[in-house]
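Okay, structure first, notes after.
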Amino acid sequence: MANSKNLYILGGHQTDFARNWSKENKHFVAMMREAVLGALASTGIEPKEIDVAHVGNFAAELYAKQGHLGAFFNEIDPAFSGLPTSRHEAACASGSIAILAASAELEAERYDLACVVGVEQMKTVGPGVGGDYLGTAAWYEFEAEGIEFPFPKLFGKLGDEYDKRYGLRDEHLAEISAINYDNAKHNPNAQTRTWYMNKDHAMSRDEHNGTIGGRIHISDCSQVTDGAAVILLASERFATAYAKRRGVPLSSIPRLKGWGHHTARLRFEDKVRESAGARFVLPHVRSTITDAFERAGVPDVSAIDGIETHDCFTTSEYMAIDHFGLTAPGESWKAVEEGTIAMGGATPINPSGGLIGAGHPVGATGVRQTLDAYKQVRGEAGDYQVEGAKTFATLNIGGSGTTSVSFVVGVD
Amino acid sequence: MLATSEAKSRPAAAATSHPIRHVVVLGANGTMGFGSGALFTSAVPRVTFLARTKEKAEGGLGAAIRMVRSSTVADRVDTGSYDADFDRAVSEADLIFEAVTEKLDLKRRFFERIDALRKPDSIVATVTSGLSINELAEGRSASFKKHFLGLHFFNPPNVIVGTELIAGKETDPALVDLVERYCTERLGRVMVRTADTPGFAGNRVGFKVLNECAQLAEEHGALLVDKLVGPYTGRALTPLKTIDLVGWDIHRAIVDNIYALAPDEAHETLALPKFMAAMMEKGTLGNKTGRGFFAKSDEGERLALDPRSKRYQPIKEIALPDLGYIDEVARLHHLGLYEQAMAAFAAADGPYAALARKVIAGYISYAFHRVGEVTESIRGVDLIMGYGFNWAPPGVLVDTFGLETTLRILDEAGVPVPALLANADPATRWFDDPYTNTGKFFVAG
């Protein structure tokens with residue numbers, strides 16, 4: 001089940017996730033424009049070379065009272081008039097779903113160069129209203145309606161399930177938080193790069209780190225973020241010509257080598273009921289990862305130099321650790337204690353800072369992760385570079401482990 | 001992060017070799033003292049907060065905890081008074097960070113005490129926002145002078161990362177490199193080296209613009225001036241609101257210092273308006289006194305100052321001229337069309353658009369004239385205006401207007417054209433930092 005055609009990532013761009021675009025009084029089209037023009041400038045691609053655009057976005061209808069986001073791509077440059085575009089939604093996995101849609105079209109040889117944009121403007125509303133909007137990524141009627149901050153509570157339940165099956169200690173979650181914040185300090189686009197954080201703070205339980213839902217405290221949460229991210233995805237035909245005109249070998253251009261995609265039952269309790277007695281708490285997430293590995297020709301996680309995972313909460317990263325196979329199921333704490341996931345460890349997770357440190361503009365996250373994987377394997381990640389990285393994996397999750405997408409990005 | 005070419009590697013290597021383990025903060029009850037103190041706790045295991053009394057130092061610690069919203073600050077801080085704890089703390093410290101009241105004699109007295117106590121290799125830094133580093137070090141030992149420098153954080157230091165680094169005549173260049181690297185890698189600062197000139201780079205350029213706006217308020221009123229030099233010109237906070245926030249007394253100290261010591265090509269724009277001096281005598285100091293260029297009535301109604309009558313008027317009753325061009329510029333910024341927006345600003349008709357352009361032209365002209373005097377290149381001024389003031393850096397404005405339009409605006413405004421711009425290649429990109437989203441500076445008001 002290998003990818004049928006080679007797909008290449010030519011580059012991309014992300015906005016500074018520390019920006020508050022509502023305070024700047026900007027429309028999200030400004031965010032898309034900056035991200036797309038940044039991607040074009042950094043790759044030397046002309047607007048007219050783009051054949052198709054895919055936009056990942058979760059809930060602009062709620063946050064910005066605006067739908068039809070695909071059409072906003074065409075506002076960016078006069079050359080885009082008439083360009084086929086569309087918008088994709090799968091909650092927090094929207095960005096990765098947009099990449100999948102683009103790659104399917106390239107593999108089908110409909111087009112040669114796709115621009116994928118992930119975008120979300122979230123600071124248009126306060127935290128309570130925003131938390132309610134995010135609840136629509138769960139089964140709202142049953143899991144979110146009338147509940148304050150439903151998602152921290154759902155991912156608190158993920159921690160509870162680990163605790164029940166294997167035992168779970170808060171200090172391991174605190175360490176995950178501290179690593180993400182620490183990594184973010186070296187990422188010039190990270191939302192929290194100037195924030196005050198350390199493991200002691202993540203372990204503190206006073207008014208400065210209150211509980212949001214069960215075992216989830218403020219320091220366990222990803223951020224409310226405004227941001228956009230872009231990648232340019234090309235067929236082998238386009239990439240070959242592009243490499244030639246840039247005077248570089250085709251092999252120096254990173255490939256989207258493999259993908260995995262599964263969708264589980266929407267309600268968290270149904271997922272957990274289905275996985276009772278199984279090796280993994282979220283078996284469909286596990287399958288997503290192993291599918292991506294298989295399609296990429298990667299035997300197991302030992303062939304991966306680093307991971308950009310979906311740490312919407314510390315519990316989701318804790319889950320990702322054993323689901324990626326870094327430890328046996330239920331033993332994620334070992335990878336935390338042994339330094340495996342820290343910078344300098346065997347398989348650093350979230351060198352960018354992840355969703356906790358770099359930020360989580362919902363619809364942009366999957367694209368941002370893939371862009372970071374691209375930067376890592378190109379050796380262009382600056383102060384958060386994993387030395388010598390050639391192969392990176394991503395995991396992007398929508399809902400409470402519902403839609404999951406994983407990519408393997410690599411250079412030969 | 002981005003300020004220096006030498007700060008490209010991950011910090012681990014440098015972090016283990018630097019000698020800063022214990023920082024002493026003097027004046028830890030003041031905003032710059034406790035703010036900087038909190039910042040240091042993110043990088044070193046021990047920070048001593050000193051103030052006139054232990055209670056004041058404790059108050060500084062409480063404020064630091066509230067500022068960064070983490071009780072863990074206290075785990076790394078001990079507190080004390082100048083009488084009981086100064087000698088021991090200073091004799092043990094690796095870095096002594098002075099943030100006492102901005103008075104030359106007072107600071108000098110502290111430095112004299114420090115000179116007699118400090119370890120021979122300890123660093124002494126002052127957070128002064130404008131006093132001369134060389135004058136502050138006068139009379140001190142050779143070792144003190146070698147280890148003394150200005151480290152000008154902007155307030156609040158946990159949020160604003162732009163920081164000026166000022167070496168004295170006798171400061172060890174290797175120490176300056178070390179502090180720059182340390183602040184970049186461990187404290188997340190954007191460092192800008194400046195000469196030991198009045199107001200350094202940020203306040204010299206920034207307060208020139210602020211004071212010119214204060215001067216213009218005399219004829220046009222506070223409300224109109226803040227509209228004209230508003231967010232659309234490249235800033236989050238409008239100029240006169242900035243002066244109110246900073247405090248009129250601080251504003252006066254900064255501009256008087258520059259006016260007295262740096263007679264430059266824009267000298268008169270740095271003269272404090274007479275109405276400000278008169279109103280300060282009667283207790284108007286900006287936000288801290290509840291009244292400045294702006295105020296609120298007892299009923300909560302928003303008021304603006306008419307400097308000529310020294311009276312406040314309800315903002316909703318003030319008739320403003322037609323400023324439709326601002327709406328158009330803001331609309332274009334709103335959509336992310338920054339170059340079109342600034343082109344519309346450059347082309348806008350009427351005396352008010354011309355007045356706004358005169359202030360912006362003055363900013364560009366003044367900043368580029370400081371190259372060689374205050375910073376080595378325009379990049380230094382650009383970084384401190386962007387990361388210290390959160391204003392569109394002058395280089396970004398030139399890039400956005402384009403050189404030809406910039407030169408026309410400067411010419412029409414009657415401000416001197418800096419040689420750097422007059423002789424420039426039109427293709428020059430003045431601000432090319434890949435990590436800065438320059439669009440963020442253009443706020444759609």
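Coordinate-derived values only; no laboratory data. Since the model is a prediction, treat every value here as computed from it, not as a measurement. When we count neighbours, we look across all protein chains shown, and the Cβ atoms used for this are built from the backbone with ideal geometry, even at glycine.
Other residues lying with their Cβ under 14 Å from the Cβ of B:M342 contribute a combined charge of 0, Lys and Arg counting +1, Asp and Glu -1.
Between B:L261 and B:N423, the simple spin-label model (points 7 angstrom out along Cα→Cβ) gives 3.0 nm.
So for segment A:1-68, what percent of the C-alpha to C-alpha distances run longer than 20 Å?
On the way: 999 of 2278 pairs.
Value for segment A:1-68 (Cα pairs over 20 Å): 44 percent.
The alpha carbons of segment A:225-334 occupy a box of 54, 35, 23 Å along the principal axes, longest dimension given first. With a threshold of 28 Å on the Cα-Cα distance, the over-threshold entries among A:K26/A:K257; B:K288/B:K316; B:K227/B:K440 are A:K26/A:K257.
Be a star and scan segment A:296-325 for residues whose amide nitrogen sits under 15 Å from the point 7 Å along the Cα-to-Cβ vector of A:R165. Zone members listed by number: A:315-325. Mean projected area of the convex hull spanned by the Cα atoms of segment B:12-194, taken over all viewing directions: 9.0 nm². Using the alpha-carbon positions of segment A:56-112, Rg (one decimal) and Dmax (whole number) come out as 12.4, 35 Å. Computed over Cα pairs, the Kirkwood radius of segment A:359-412 leads via Stokes-Einstein (1.002 mPa s, 20 °C) to a diffusion coefficient of 182 µm² per second. Which far-off residues, 5 or more places away or on another chain, put their amide H under 5 Å from the one on A:H262, with H placed in the peptide plane? It is A:S404, by chain and number. Note that segment B:406-445, at 4 °C in a medium of 1.567 mPa s, gets a Stokes-Einstein diffusion coefficient of 103 µm²/s from its Kirkwood radius over C-alpha pairs. Given a Förster distance of 41 angstrom, what is the FRET efficiency for B:D105 paired with B:D177, based on the Cβ-Cβ distance and rounded to 0.05? Here the calculated transfer efficiency is 0.85. Rounded to the nearest angstrom and listed largest first, the equivalent-ellipsoid semi-axes of the protein assembly as shown from its Cα gyration tensor are 46, 34, 26. The order of the peptides A:84-91, B:144-151, B:53-60 by mean Cβ neighbours within 10 Å, most packed first, is B:144-151, A:84-91, B:53-60. Taking θ as phi - 60° and the Karplus parameters 6.51, -1.76 and 1.60, the scalar couplings of segment A:255-262 work out to 10, 7, 7, x, 9, x, 7, 9 Hz in sequence order, x denoting glycine and proline. The Cα atoms of segment B:202-441 define a convex hull whose projected area, averaged across directions, is 13.0 nm². Here the protein assembly as shown carries DSSP beta bridges of which approximately 55% are antiparallel, counting only pairs with both residues inside. Angle of helix B:403-413 to the longest C-alpha principal axis of chain B, folded into 0 to 90 degrees and rounded to 10: 80°. For segment A:120-195, the list of trypsin sites (Lys or Arg not before Pro) that fall in a loop by DSSP and count at most 12 other C-beta atoms within 10 angstrom reads A:R169.
What is the Cα convex hull volume of segment B:114-207 when expressed per residue in Å³? All intermediate terms of the calculation are to be shown ahead of the outcome.
Working: hull volume 8.9 nm³, N = 94.
Convex hull volume per residue, Cα atoms: 95 Å³.
Counting only other chain Cβ atoms within 10 Å of each residue's Cβ, the peptide A:206-214 averages 2.
Using C-alpha pairs below 8 Å separated by at least 6 residues, the relative contact order for chain A is 25 percent. Dividing the convex hull volume of the alpha-carbon atoms in segment A:147-221 by its residue count gives 97 Å³ per residue.
For B:R235, nonlocal amide neighbours, meaning residues 5 or more places apart or on other chains whose placed amide H falls under 5 Å from its own, are B:A392, B:V443.
Scalar couplings 3J(HN,Hα) for segment B:414-428, obtained by applying the Karplus form with A = 6.51, B = -1.76, C = 1.60 to θ = phi - 60°, are x, 9, x, 8, x, 4, 4, 7, 4, 9, 7, 6, x, 7, 4 Hz; x denotes Gly and Pro. Quarter the surface of the alpha carbon convex hull of segment A:254-391 and you get the mean projected area, 8.2 square nanometres. For segment B:335-382, applying the loop criterion from DSSP together with a ceiling of 15 other beta carbons within 10 Å to the GluC sites (Glu not before Pro) yields B:E373, B:E376.
Beta bridges per DSSP, both residues in chain A: antiparallel share near 70 percent. Given in Å, the Rg to one decimal and the Dmax to the nearest whole number for the Cα atoms of chain B are 22.4, 66. Taking other residues whose beta carbon is less than 12 angstrom from the beta carbon of B:R69, and scoring Lys, Arg as +1 and Asp, Glu as -1, yields -1. The alpha carbons of segment A:165-311 give a radius of gyration and a Dmax of 20.1, 59 Å, in that order.
How charged is the neighbourhood of B:Y82? Take every other residue with its Cβ under 9 Å from the Cβ of B:Y82, and add Lys/Arg as +1 and Asp/Glu as -1.
Summing Lys and Arg as +1 and Asp and Glu as -1 gives 0.
Taken over the Cα atoms of segment B:207-279, the convex hull encloses 89 Å³ per residue. Counting Cβ atoms of other protein chains within 10 Å of each residue's Cβ and taking the mean over peptide B:61-73 gives 4. For chain A, the fraction of C-alpha pairs farther apart than 26 angstrom is 48 percent. For the residue pairs B:K274/B:K296; A:K123/B:K358; B:K54/B:K103; A:K123/A:K185, the C-alpha atoms sit more than 31 angstrom apart in A:K123/B:K358. Whole-percent P(r), segment B:159-266, all Cα pairs, 10 Å bins from 0: 13, 35, 32, 16, 4, 0. Computed from Cα atoms, the angle from the helix B:324-334 axis to the main principal axis of chain B rounds to 50 degrees. With a 10 Å cut-off around each Cβ of A:159-169, the average count of Cβ atoms from other chains is 0. Of all GluC sites (Glu not before Pro) in segment A:129-198, which ones are in loop regions per DSSP and have a Cβ with at most 15 other Cβ atoms within 10 Å? Sites meeting the loop and neighbour criteria: A:E145, A:E148. Per-residue extension of 0.36 nm, minus the Cα-Cα distance of B:L237 and B:D322, leaves a gain of 28.4 nm for this segment.
Treating r as the C-beta distance of B:D83 and B:E268 and R0 as 45 Å, the FRET efficiency rounds to 0.45. In segment A:70-138, taking the dipole from charged Cβ atoms about the Cα centre, the farthest positive-side position among A:G126, A:C115, A:T85 is held by A:G126.
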